[in-house]
Every structure is written in C-alpha cells, then in structure tokens.
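Participant: To start, I am sharing the structure in question, which I have written as structure tokens.
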Amino acid sequence: MTDASRSTPSNDDVSTEQDLSGPAAAQKIADMVKAGNSCFFCTLSMSSQLHARPMTVTEVEAGGALWFFTEVDSLKNIELDRDPRVTLFFKEGDNSGHLKLDGTATLVTDPATIHRLWSPKMRAWFTEGENDPRIGLLRVDPISGEYWDNRHGTAIAGIKMLFGAIVGKRVDEGVHGSLAL
C-alpha cells in the first residue's frame, strides 16, 4: 500500500480517502492515540467470542507499537497466550477521529521497561509500586487498521455538522483511510 489521497467520486459522499503505510501510518497512529489514549482492547475469549475491555495506552513508539500496563495473571493474558491477535478501538471525541487497529500482543515483564514506563498513578492498580510482582506490560504491534478523522478539529467539525443539519445537506465528513505497518 502506498500513501495516496483520492477524492471519492460520489456527490453524496464528501469524505476523502487517504491510505497510509509505513512511517506515515505510524505517525497517524501516534497522533490519534495522543488525542484519545483510551481504547477498547479486544481479545478472543476462550469460547472464541470477542472480549473487550477499556484500557489506556502508556506509550506509543515511533514505529507504531503501543504499550499497556496489565496484571500478569489477568484473564486477558490467558486469552492472549492462546491467541495473541488483538483489535483496538479508539475514539478521540464527539466530533473527531476514530481509529481501529489490528495487531499482535506480547507480554513483557522486563523490570527496566516497567521502570521506564512507570508513573505514580499506576499505583492505583499496582499497590506495591513499580516492583509489584503482578505488573506486566503488553506491547501491541499493529499490522493494519482504519481511521476516520476530521480535517478541521473538533469544534469546526461540530459546527459543520450543525450547519448540515439546519440546511439539510451533507457537509465535509473528513478523511477515511486504511493503515498498513
């Protein structure tokens, strides 16, 4: 996949398609996660059903990998032992972007990495601090995804949607594209 912008030909659809790959895709992920760092973190349950839970990203690496704190003995990690594939769903705000990522998760218990990513607020979950034996990290390496983003920021997007509702006309719906890493 290459970086490409193309206008959708239909007069009824005023969105733009922009597929991103490599470093451009990684940068889009970083930008969108920074704006809304909580997601639904989805695994496959033991009965092969989608199992979603809210989680917060601790860090996004330059190459697009995402880091999450986790309890090493959690059900999520048992599910990931069985099948490391994950899907993450992010939402920035009412009138702004959405991001879906598919990738694989790896459990990391390296003390140096835990120390690097530790923040005092994590003590709410890990009461013994950064040396709590229950601490683990999940590194998610995205493989692909999709994003829906507005072009002008949340406030302008909200105003445009209100204007469209008043005049009964579709307005600039933003940008949609696929991501490949």
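Participant: For a bin width of 10 Å, list the pair-distance distribution of region 74-127 built from all Cα-Cα distances, rounded to whole %.
Facilitator: All Cα pairs, binned at 10 Å, distribute as 18, 30, 43, 9 percent.
Participant: Would you please state which residues of region 50-70 a label at Arg85 would reach in this model, taking the label point 7 Å out along Cα→Cβ and a backbone N cut-off of under 16 Å?
Facilitator: Only 50-52 fall inside the zone, counting backbone N under 16 Å.
Participant: Taking the beta-carbon count within 10 Å as an exposure proxy, list Lys34, Lys121 from fewest neighbours to most.
Facilitator: Fewest to most other Cβ atoms nearby, the residues stand as Lys121, Lys34.
Participant: Restricting to DSSP loop positions (anything but H, G, I, E, B) with no more than 13 other Cβ atoms inside 10 Å of their own Cβ, which GluC sites (Glu not before Pro) remain in region 46-101?
Facilitator: The qualifying sites are Glu61.
Participant: A further question on this structure: I'd like to know which of Pro120, Leu101, Leu80 lies farthest towards the positive end of the charge dipole of region 78-130, counting +1 on Cβ of Lys and Arg and -1 on Cβ of Asp and Glu.
Facilitator: The residue sitting farthest along the positive end of the dipole is Pro120.
Participant: Something else now. Going down the list Lys28/Lys91; Lys34/Lys76; Lys28/Lys121, which pairs span over 21 Å between their C-alpha atoms?
Facilitator: In this structure, Lys34/Lys76; Lys28/Lys121 exceed 21 Å between Cα atoms.
The numbers here are math on the coordinates, done by the rules we state, and not lab data. The structure presented is a predicted model; accordingly, all values stated were derived computationally and were not measured. Ideal geometry is used to build each Cβ from the backbone, glycine not excepted, and the neighbour counts take in all protein chains shown.
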